[in-house]
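J.: There's a structure below that I have some questions on.
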Amino acid sequence: MRNLWVALLALVFLPAVSAAGGSGGAPPLPGPAGAGSEETAWNFKLKGLAGFSPASYNRVDGLLAGWGFDLSAGRTFTYPGSGTRQTVPDRRYPELSFELLVPSARSSLGGRLGITRRLRGKNNWDLGLELGAGGSSSDYWRASEPGAGISFLFLGKDRRYYYDRRGGELYAEGELGGGLRLRLAFYHERVRSLEATNVWTMFSSGLLRENPSVIHGTDRGIRLNLGLDRLLRGIAFPEGWECSLGLESSGALGGDFAYRLFELSAGFYRKLGELNYFSAGLKAATSDRTLPPHKLYSLGDLLRGIDTFEPDFDLFDRRGDRLWYICLGFHRLITPPDLFFNRLAYNWSLDLYFTSGTTFHSPRRNDPLTLFSRGLERLESGVGAGVSFTASRTRVSLCLEKSLDRQYRGPVFSVRLGLCP
């Protein structure tokens, strides 16, 4: 941890580094055309309402309240004649973000601190440091905020396993051109088990609430992510495609764990005519050996008609270090007949879904390619049909779902937030 703090001080106080690799004071950046005088000042901005904002709501922390601020430099230009003033970010200086996190259900303060510095150059490369302390989960990829917190508060369903994580990462991130982005990070984290607490919700669903134990220790290594984004964000659904490849190597820099983790994510969205859309999502992951408990994958309720967090399932047997998941969707935009609904929500659509996936364990030090030789034999599938709409910039889906595997009951009704992963 001491090395991370040294890196933080270096990012704050050392001069900006030019794209050519030189050091020293950064040359002045060109201002807008026609601008006259220029002033540089630090901007202090509180997050949320007077710095306060709800960060999440879950079965470990309860209401996780945050107070924080952002600090960045800005350049203010004054145009001669009109006296108009324009302020733009000044990326010659680092940007800082801080948030103190206070859980209502347990006596353990947490927080987040991030600092980013832009390297001068056409590809917009950033150097950054992120430090954090508090609850974490390996299930954020399929159940993120604010959807997961809203679902837990109103439906009593929190489909994530939690553990305590304290540490941070030092990273470099930038564009390689053509929508291709690269992120390289060196991370150092201390992990330990985290007990669930008795948190109030509007409806109790009877979901099993304990968290599986994790191995206490230091997880230290390297993360590499290469992503390509060719999406055009539309009002209702995006168009285009995106994909990312991820590699995580633990133990490369010491620590108590040793594993290599490989991930592939992809999304495809296509408009069919004036009102119809097709969507497809893929997530696959494998490793070179059995993963430690805090890194295992679970599907939760991603498979339509199947919820591995229900009491009917042995939760701890429904996780693994191999993962397959695919989601196909067909969407048709509609206009609800009652105008009252149009004031509360917009972009209504009728939806059909097909999902298939699995998680499983592989023997110790097994070949990562067993994902293909064994994983495809274990796939479970489900279908769903329903209606969805956008409210407060969040996609809400009301679905009737049925598993295609006979051993599961169904059909079931579900409320989901967000697009199909």
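The values are calculated or read from the model by the stated rules, or taken from the named source; none is laboratory data. Just so it is clear, the model here is predicted, and its values are computed rather than measured. In this analysis, Cβ positions are derived from the backbone assuming ideal geometry, glycine residues included, and neighbour counts consider all displayed protein chains.
J.: Please enumerate the residues belonging to the range 40-66 that are exposed (fewer than 15 other Cβ atoms within 10 Å of the Cβ) and aromatic (F, W, Y).
T.: Within the range 40-66, W42, F44, F52 qualify.
J.: For the condition touching a strand residue (DSSP E or B) at 6+ places or on another chain (Cβ under 7 Å) and of a type in the set (G, A, S), what is the one hit in G156, G177, G217, G234?
T.: G217
J.: crowded, with 19+ Cβ neighbours inside 10 Å, in contact with a Phe, Trp or Tyr (Cβ under 9 Å, 6 or more places away or on another chain) and either in a strand (DSSP E or B) or free of Cβ contacts under 8 Å to residues at least 12 places away in the same chain (or both), is that true of L129?
T.: Taking the combined requirement at face value, the residue satisfies it.
J.: Let me ask something else. Within the range 298-347, how many residues turn out to be at pLDDT 75 or above, over 21 Å from V415 (Cβ atoms) and surrounded by fewer than 16 Cβ atoms within 10 Å (Cβ to Cβ)?
T.: Going through the range 298-347 one residue at a time, the tally reaches 1.
J.: If you go through the range 107-126, how many residues are buried (at least 20 other Cβ atoms within 10 Å of the Cβ) and either assigned to a loop (DSSP other than H, G, I, E, B) or of a type in the set (G, A, S) (or both)?
T.: Residues meeting the conditions: 1.
J.: Moving on to the next point. Among the candidates L176, L194, which residue alone is at pLDDT below 95 and over 29 Å from D301 (Cβ atoms)?
T.: L176
J.: State whether one or more residues within the range 391-407 are in contact with a His (Cβ under 9 Å, 6 or more places away or on another chain), within 21 Å of S144 (Cβ to Cβ) and modelled with pLDDT of 85 or more.
T.: no
J.: Consider the range 67-104. How many of its residues are part of a strand (DSSP E or B), more than 33 Å from the chain's Cα centre (by Cα), loosely packed, with under 14 Cβ neighbours inside 10 Å and among the β-branched types (V, I, T)?
T.: The qualifying residues number 0.
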